[in-house]
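Notes to accompany the following structure.
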Amino acid sequence: MKTKALELFSGGLDSILAFKVIEEQGIGVLGITFETPFFSAAKARMTAERIGLPLVVLDITSEHLQMLRAPRYGFGRNMNPCIDCHTLMLRIAGQRMEEQGFDFVFTGEVLGERPMSQGKQSLYVVAKNSGYSDRILRPLSARLLPETEPERSGKVDRGRLCDIQGRGRKRQMEMAVHYGITSYPPPAGGCLLTDPIFARRLRDLFNRHPEYRFRDIELLKVGRHFRLTETTKAVVGRNASDNGTIERLAEACDALIRVEHFPGPTVLVPGGGDEKTRRLAAGLCVRYSDAPRDHEASVLCLREGIMAPFKVPAVTPEDAERLLI
Ligand code: SF4
């Protein structure tokens, strides 16, 4: 029976090369990729289609959020728990492998390419903690790593695997020429958990609103965020696109605030807040609008289907800076 393998496929050059190396041994390959509110499968989808790799896309939001609350190996520079995230992905791929009769899982990881997550120790820890270490192959660096079951059993010819390591991309470029790969997406990028501003907002959400919902995470992607009180925040649109997204994500219990008669942002107070916090949010709305600053501006506040008008002065730039998350 033909050997079948599942590739953890990101859509970057390394994952394309890993696919080529395994495919040319006559092994059937199915790609698997993941999406959450923090990263999408768009790059993997686009590349897989171009190179003719069948691809399964799994939404792992709930498992990922659960892991994100307390990652065993902690965070990278921002809110990126890369070791635990890779472990989770390999565990899920390993479960698929077993359920669907694949022989092994492989990835495009290169030993030492990313010092934190692709050092020898990290590759070992991730594979071990996934529960499938003996059936996880890294074809681009395999000859520098311990032999795995598919190599020992002859399903894969170890002699035709690679021994790439380090951050230089020369070998990968040569392989791309060899396989006739002329275009591929840029490496890395695309994970919001590595973005310092997003990370600050997410940390604030986890700390202050442990009962958060999916909508609250989507809100973190737009506008400026201000902490008004321990339990209340405001989201201020920066442009028409932000304003549209904020309005789409608003719920009846929220307060939605706009300045009357002048262009300006849409401001959302999730959960509505109290009278005092709504006035503060309205002051932020005036601050980022075109309304004159020398007197109070008229604002409209929509909540529970009721539109309430009131007048407030703009929040000062210093206060806005102090409240910014
Ligand atoms: S960068 Fe993001 S998607 Fe990639 S391993 Fe780290 S946390 Fe996971």
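The values are calculated or read from the model by the stated rules, or taken from the named source; none is laboratory data. A quick note: this is a predicted structure, and the numbers were derived from the prediction, not measured. Please note: Cβ atoms are built from the backbone with ideal geometry, for glycine as well, and neighbour counts cover all protein chains shown. The accessibility values were calculated without ligands, DNA or RNA, using every heavy atom of the protein model including side chains. Shrake-Rupley method; radii C 1.70, N 1.55, O 1.52, S 1.80 Å.
A few comments on the model shown:
- Residue of Pro81, Pro115, Pro270 that the Gaussian network model of the chain assigns the largest fluctuation, springs spanning Cα pairs under 10 Å: Pro115
- Net dipole in debye of the stretch 207-256 [+1 Lys, Arg Cβ; -1 Asp, Glu Cβ; about Cα centre; nearest 20]: 200 debye
- Full-stretch length increase - Glu230, Ser153 - with 0.36 nm per residue and alpha-carbon distance subtracted: 21.8 nm
- Magnitude of the charge dipole for the stretch 138-227, about its Cα centre and with charges confined to Cβ atoms of Lys, Arg (+1) and Asp, Glu (-1), is about 360 debye.
- Relative to its residue count, the chain spans a Cα convex hull of 154 Å³ per residue.
- Whole-Hz couplings from phi, Karplus 6.51/-1.76/1.60, listed for the stretch 6-17; x for Gly and Pro: 10, 9, 6, 10, 9, x, x, 4, 4, 6, 5, 5
- Close lysine pairs were tallied over the chain: pairs 8 or more places apart or on different chains with Cα atoms under 22 Å apart number 16.
- Carbon plus sulfur fraction of accessible area for the chain, probe 1.4 Å, in percent: 53 percent
- The P(r) of the stretch 9-134 has a tail past 20 Å containing 45 percent of all C-alpha pairs.
- Summed over the residues of the chain and divided among them, the accessible surface reaches 48 Å² per residue at a probe radius of 1.4 Å.
- The magnitude of the dipole of the stretch 173-303, with charges of +1 and -1 set on the Cβ of Lys/Arg and Asp/Glu and taken from the Cα centre, is near 240 debye.
- Global form of the stretch 141-200, assessed from the alpha-carbon gyration tensor, a/c cut-off 1.5: oblate
- Among Leu53, Leu220, Leu249: highest mean-square fluctuation, GNM of the chain, C-alpha pairs under 10 Å: Leu249
- Computed extension gain for Ala252 through Met307, at 0.36 nm per residue and net of the alpha carbon distance, reaches 18.6 nm.
- Net charge over other residues, Cβ less than 12 angstrom from the Cβ of Glu24 (K, R count +1; D, E count -1): 0
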